[in-house]
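Data first, discussion second: the structure below is written as structure tokens.
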Amino acid sequence: MALLYSLCCVSFSALVIVALYVSPVVSTSRRVLGDYGKLENGFRVTLKHVDSSKNLTKWERIQRGIKRGNHRLQRLNAMVLAASGDSAEVQAPIVAGNGEFLMDLSIGTPPNSYSAILDTGSDLIWTQCKPCTQCFDQSTPIFDPQKSSTFTKLSCSSDLCEALPQSTCSDGSCEYLYTYGDYSSTQGVMATETFKFDSVSVPNIGFGCGEDNEGDGFSQGAGLVGLGRGPLSLVSQLKEPKFSYCLTAMDETQKSLLLMGSIASANESLGEMRTTPLIRNPSQPSFYYLSLQGITVGSTRLPIKESTFALEDNGSGGVIIDSGTTITYLEQAAFSVLKKAFILEMKLSVDPLSSTGLDLCFTLPSGSTQVEVPKLVFHFDGADLDLPAENYMIADSSSGVICLAMGGSSGMSIFGNVQQQNMLVVHDLEKETVSFIQTQCQNI
């Protein structure tokens with residue numbers, strides 16, 4: 001089975017993907033917090049891609065995202081080594097860090113606005129704080145806790161302090177060190193503050209007030225908002241068991257969306273919902289692991305052993321869904337089978353000299369306005385995800401190539417954000433499920 005991939009009506013200086021539905025986001029009604037820290041309705045915020053303000057073509061954005069994704073994959077491998085005890089070099093607990101999308105929020109009383117990196121692969125919420133011993137440049141003023149009437153340091157006996165992977169106690173206050181997989185880090189004092197997301201104010205959010213922040217990758221924002229499964233994350237602190245996002249394609253003017261609380265629930269009027277259970281990995285409790293049971297290309301289920309994607313007893317392997325990684329990475333043996341299937345089905349010449357940064361590219365036929373591409377289905381436990389062609393094939397007509405937006409990995413596999421674009425992806429932490437609805441983000 002094949003899909004038609006349109007090459008018409010698109011600038012030859014950009015990726016050849018048809019971009020539809022670019023209307024502005026329609027806001028919904030919002031509510032403030034109710035008793036016991038539970039949101040009565042939830043809230044929504046717009047997300048922007050980290051490269052959206054740069055004068056780049058979509059293809060250039062993809063290439064930058066691939067480079068960041070490769071680095072993130074290295075961080076994940078470092079985490080696995082650290083958790084399994086196979087690395088003598090790792091001295092502190094580490095998390096993935098960084099991401100591909102930014103969210104705007106405010107902190108303190110009076111509120112100070114800044115952009116933070118959204119990360120479903122880590123838990124800690126943090127921003128840079130005065131006095132800074134080591135801080136990277138940011139476009140907004142660094143938060144000064146002395147100018148906020150709602151800033152309160154957390155005690156060493158607090159639950160959030162005890163949940164940190166590494167902390168110390170100084171004069172009764174909790175101090176933290178949070179180290180990322182590339183050995184970037186943030187260090188400072190744990191505190192609570194009032195955060196404002198769009199028009200919703202949320203008091204007593206625990207966060208890291210970072211006074212020593214080092215490493216690459218943080219400068220896109222002024223801090224990070226963790227949305228992982230651990231107790232330090234925003235979704236866990238709000239005690240709202242659901243969040244969802246809808247990520248638009250990189251070349252769309254329409255912004256992506258994050259929804260928290262009850263409004264994050266899947267609305268089946270948007271389309272058919274496919275739901276798969278989450279898996280827990282005790283050695284990597286922040287990540288959203290899924291059970292991938294197989295892959296179909298065209299009409300053929302690939303001869304990949306189901307154990308290829310299994311989570312091992314030592315915490316290695318497995319498949320995570322991640323908003324902070326651009327393309328999907330499959331365990332190398334599975335990716336090799338996938339590549340062979342696409343080469344057979346595409347019926348185009350392989351371009352062995354492509355400088356795209358992707359593993360598999362084909363030469364575009366001269367003068368063609370459409371290209372047939374094979375169907376691609378991911379068979380998750382209970383959910384067969386039939387992807388639109390633009391979610392796995394990308395083209396650069398200036399170079400005359402069309403490429404598979406996937407790569408190989410050693411050990412862990414990652415279902416990346418290109419494959420998730422224009423889907424409502426619902427994380428239900430209470431039911432421990434992830435649901436997918438293919439839609440256009442403007443319709444949410």
Is the range 336-347 home to any residue that is in a strand (DSSP E or B) and at negative phi?
-> no
Of the residues in the range 45-73, those that are open to solvent by 10 Å² or more (accessible area, probe 1.4 Å), farther than 23 Å from S354 by Cα and under 15 Å from the mean Cα position of the chain (by Cα) number 3
Of the residues that sit in the range 366-391 and are part of a loop (DSSP other than H, G, I, E, B), at negative phi and modelled with pLDDT under 90, which one is farthest from the chain's Cα centre (by Cα)?
-> S366
Look at the range 168-200 and say how many of its residues are at pLDDT 95 or above and of a type in the set (G, A, S).
-> 3
Enumeration of residues in the range 301-316 that are in contact (Cβ under 8 Å) with a residue 40 or more places away in the chain and open to solvent by less than 70 Å² (accessible area, probe 1.4 Å) = F309, G315, S316
Answer yes if at least one residue in the range 227-250 is at pLDDT below 90, open to solvent by 30 Å² or more (accessible area, probe 1.4 Å) and out of contact with any strand residue (DSSP E or B) (no Cβ under 9 Å at 6 or more places or on another chain), and no otherwise.
-> no
Among the candidates P110, P131, P141, which residue alone is at pLDDT 95 or above and open to solvent by 40 Å² or more (accessible area, probe 1.4 Å)?
-> P110
Only one of these is of a type in the set (A, V, I, L, M), in a strand (DSSP E or B) and under 30 Å from K242 (Cβ atoms): I437, I394. Name it.
-> I437
Give me the pairs: first residue in the range 143-164 and of a type in the set (K, R), second residue assigned to a helix (DSSP H, G or I) and buried (at least 18 other Cβ atoms within 10 Å of the Cβ), beta-carbon distance under 9 Å, and six or more apart or on different chains, which are they?
-> K153/P145
Among A389, A395, A383, which is the only one that is crowded, with 18+ Cβ neighbours inside 10 Å and more than 23 Å from I66 (Cα to Cα)?
-> A383
Please work out which residue is farthest from N70 (Cα to Cα), limiting yourself to the range 312-332 and to residues that are in contact with a Ser or Thr (Cβ under 6 Å, 6 or more places away or on another chain) and of a type in the set (A, V, I, L, M, F, W, C).
-> V319
When F287 is run through (1) surrounded by fewer than 19 Cβ atoms within 10 Å (Cβ to Cβ); (2) not in a strand (DSSP E or B), the failure sits at (1)
Spans of strands (runs of 3 or more DSSP E) in the range 148-251 with at least 2 residues hydroxyl-bearing (S, T, Y) | 167-170, 173-180, 185-197, 242-246
Checked the range 314-358 for anything β-branched (V, I, T) and over 22 Å from D123 (Cβ atoms); matches are I327, T328, V337, I343, V350, T356
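The values are calculated or read from the model by the stated rules, or taken from the named source; none is laboratory data. Since the structure is predicted, the reported quantities are computational estimates derived from the model, not experimental observations. Neighbour counts are summed over all protein chains in view; Cβ atoms, including those assigned to glycine, are modelled from backbone coordinates with ideal geometry. Heads up: the accessible areas ignore ligands, DNA and RNA and are worked out on the full protein's heavy atoms, side chains in. Shrake-Rupley method; radii C 1.70, N 1.55, O 1.52, S 1.80 Å.
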